[in-house]
Amino acid sequence: MNCQYLPLTSTGQFSPLFLDYITNKDSLKPFYSRFPDKAAFEGQIKDKVFDESKRRVLVDVLEQQYQHVSTKPDFSVLLQPNTFTVTTGHQLNIFTGPLYIIYKLITTINLARQLKEAYPSYNFVPIYWMATEDHDFAEINHFSLLGRNYAWQTDQRGAVGRMNPQELKTVFAQIPEKLSLFEDAYLKHNTLADAARHYVNELFGAEGLVCLDADDAALKRIFAPVMHDELTQQKSGELVHKQTGLLEELGYKTVITPRDINLFYLDDQVRERIERKEDGTYRVLHTKLNFSENEVLGLLNEHPERFSPNVVLRPLYQETILPNLAYIGGPSEVPYWLQLKSVFEHYQTPFPILMPRNFAMYVPAVSAKRICKLGLTPEELFQDTLKLKREYVDTHSRHTLKFDNENKTVHKALDAILHKAQMVDPTLEKAVLAETKRFANAVARLEKKMRRAEERNQETGVRQLLAVKNELFPNGSLQERSENFLSFYLNDKTFLQSCIR
């Protein structure tokens with residue numbers, strides 16, 4: 001696969017906070033621990049001391065979660081003190097969701113390999129943190145394949161990982177292609193978490209990728225002391241508010257807004273925020289559940305799995321239960337992690353290295369030839385469609401489509417007319433200026449007509465240009481944010497391997 005590389009700053013697609021982070025801007029250094037380069041991992045390894053008992057719990061949980069998977073990874077390596085993980089996470093979008101989720105997984109796999117080459121005395125396991133506890137079903141229930149959208153409709157509620165995917169039979173009936181991998185995943189498993197583990201393992205298990213479902217009582221018990229502190233002391237929100245303020249003082253827009261209590265109550269069909277009332281009791285929003293402090297702490301002790309960290313505490317939960325060195329995130333994830341460092345410091349947990357995921361645009365051979373024929377550069381493809389079309393027409397026109405020189409001559413004459421008119425009667429100034437404005441408007445209209453005429457003259461090239469733009473930027477967005485990997489994989493079974501290597 002031939003690759004061309006562009007600096008992300010030239011695409012116009014990313015926030016200043018993300019771009020300043022990846023370019024190592026000095027003002028952001030207080031908001032993370034180590035910049036993401038290979039040399040930084042030596043210190044990160046030394047800092048990440050991970051308890052042997054936690055390793056045992058992690059392996060036991062993984063063995064249980066993979067018990068029905070025919071070919072599974074060797075989890076025993078995670079018991080070794082010289083084994084560490086690198087992690088990415090995402091929601092359980094159906095049929096893998098947008099292409100960038102695949103790129104996140106591949107970035108994580110490749111990072112583990114690169115670290116093994118750089119530090120051969122250590123082992124590195126790539127982890128896919130499945131966001132099984134997320135309850136925003138509308139974000140995961142749809143996908144786009146070959147230009148057509150498909151959606152899963154259900155009355156199920158609560159954590160998406162616990163939902164039964166059998167209802168996806170109706171979606172398979174709408175898809176003309178035979179998707180055996182996903183039929184086996186969704187129609188032979190009773191939870192979306194198990195289904196996602198099945199197809200991710202089929203796609204990437206041979207590359208060493210391990211799927212982890214953190215919706216587990218044993219893992220939550222390890223995190224219970226932090227959740228106890230969150231319920232009683234409520235420190236995380238205060239800490240994140242302070243970090244957020246510092247970032248905003250630097251002129252950045254921040255991503256997340258913390259709550260007083262950054263935990264949800266989690267049970268079948270329910271994932272709702274926990275709030276502490278003025279009388280010191282706790283309530284679960286949109287339910288009839290209310291607890292005294294003793295009751296809620298007793299519930300935490302007996303059933304830690306009924307408490308679910310939100311976006312503020314989920315990263316800390318991850319770093320508490322994994323021997324993790326780095327988190328691989330996208331352009332919205334890396335910025336919100338920068339709001340969290342003080343929470344990690346408060347709980348004396350090493351802040352992971354924030355590694356931006358890889359970004360890619362897949363250009364089919366036919367489109368690549370058309371781009372070459374049109375004389376377009378990769379940078380130009382990222383321009384606004386109107387600007388791209390305008391510049392293409394200007395470049396390929398044999399005529400001058402602006403009256404710049406003529407305007408200068410006429411305006412010079414109008415200035416002379418204005419001067420003469422003022423000499424005769426100063427009140428004529430407004431009349432002359434009005435005529436000048438009418439002339440400028442008339443010239444602008446003529447230029448638009450000339451441009452439209454020239455676009456008709458170049459109709460074939462403009463049509464090809466817009467076709468390429470629409471193919472690579474469907475619905476005006478990046479390809480990786482809307483297209484599914486199957487759009488390419490169905491025609492090229494080497495697509496995933498080409499991305500990995």
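The values are calculated or read from the model by the stated rules, or taken from the named source; none is laboratory data. From a predicted model like this one, the values you see are computed outputs, not experimental measurements. A quick note on method: Cβ atoms are made from the backbone with ideal geometry, for glycine too, and the neighbour counts reach across all protein chains shown.
Return a yes/no flag: does the stretch 247-257 have any residue that is touching a helix residue (DSSP H, G or I) at 6+ places or on another chain (Cβ under 9 Å), under 30 Å from Asp155 (Cα atoms) and at pLDDT 95 or above. Yes. Restricting to the stretch 377-393, give me the number of residues that are of a type in the set (Asp, Glu), modelled with pLDDT of 85 or more and over 11 Å from Gly12 (Cβ atoms). Matching residues across the stretch 377-393 total 1.
Within the stretch 357-371, the set of residues being in the same structural domain as Asn491 (by TED's automatic domain parsing) and touching a strand residue (DSSP E or B) at 6+ places or on another chain (Cβ under 6 Å) is empty.
Based on this model, can you work out whether Asp268 counts as surrounded by fewer than 17 Cβ atoms within 10 Å (Cβ to Cβ) and under 30 Å from Val69 (Cβ atoms)? Yes. Scan the stretch 245-257 and tell me whether some residue there is in a helix (DSSP H, G or I) and in contact with a Phe, Trp or Tyr (Cβ under 9 Å, 6 or more places away or on another chain). Yes, the stretch 245-257 has at least one match. Number of residues in the stretch 1-34 that are among the aromatic types (Phe, Trp, Tyr) and surrounded by fewer than 15 Cβ atoms within 10 Å (Cβ to Cβ) equals 1.
Being surrounded by fewer than 18 Cβ atoms within 10 Å (Cβ to Cβ), without any contact (Cβ under 8 Å) to a residue 60 or more places away in the chain, among the basic types (Lys, Arg) and in contact with a strand residue (DSSP E or B) (Cβ under 8 Å, 6 or more places away or on another chain): is that true of Lys46 here? Judged against the criteria, Lys46 is not a match.
At least 2 residues being touching a Cys at 6+ places or on another chain (Cβ under 8 Å) is the threshold, and among the strands (runs of 3 or more DSSP E) wholly inside the stretch 91-201 those reaching it are 123-130.
Suppose we keep only residues that are at pLDDT below 95 and over 15 Å from Asp194 (Cβ atoms) within the stretch 52-79. Which one would you say is nearest to the chain's Cα centre (by Cα)? Top of the filtered list is Pro73. Number of residues in the stretch 472-492 that are among the charged types (D, E, K, R), out of contact with any strand residue (DSSP E or B) (no Cβ under 8 Å at 6 or more places or on another chain) and at pLDDT 90 or above: the value is 2.
For (1) farther than 30 Å from Lys469 by Cα; (2) aromatic (Phe, Trp, Tyr), each residue gets a yes or a no:
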{"position": "Glu278", "(1), (2)": "yes, no"}
{"position": "Tyr282", "(1), (2)": "yes, yes"}
{"position": "Leu285", "(1), (2)": "yes, no"}
{"position": "Glu305", "(1), (2)": "yes, no"}
{"position": "Lys341", "(1), (2)": "yes, no"}
{"position": "Tyr347", "(1), (2)": "yes, yes"}
{"position": "Phe359", "(1), (2)": "no, yes"}
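Annotation note: Cβ proximity below 9 Å between a residue of the stretch 111-126 that is within 19 Å of Cys499 (Cα to Cα) and buried (at least 21 other Cβ atoms within 10 Å of the Cβ) and a residue that is modelled with pLDDT under 95 and charged (D, E, K, R) (sequence gap 6+ or interchain) occurs for Leu115/Lys38.
Could you check, for the stretch 427-434, whether at least one of its residues is in a helix (DSSP H, G or I), of a type outside the set (D, E, K, R), surrounded by 11 or more Cβ atoms within 10 Å (Cβ to Cβ) and modelled with pLDDT of 85 or more? Taking every residue of the stretch 427-434 in turn, at least one turns out to be in a helix (DSSP H, G or I), of a type outside the set (D, E, K, R), surrounded by 11 or more Cβ atoms within 10 Å (Cβ to Cβ) and modelled with pLDDT of 85 or more.
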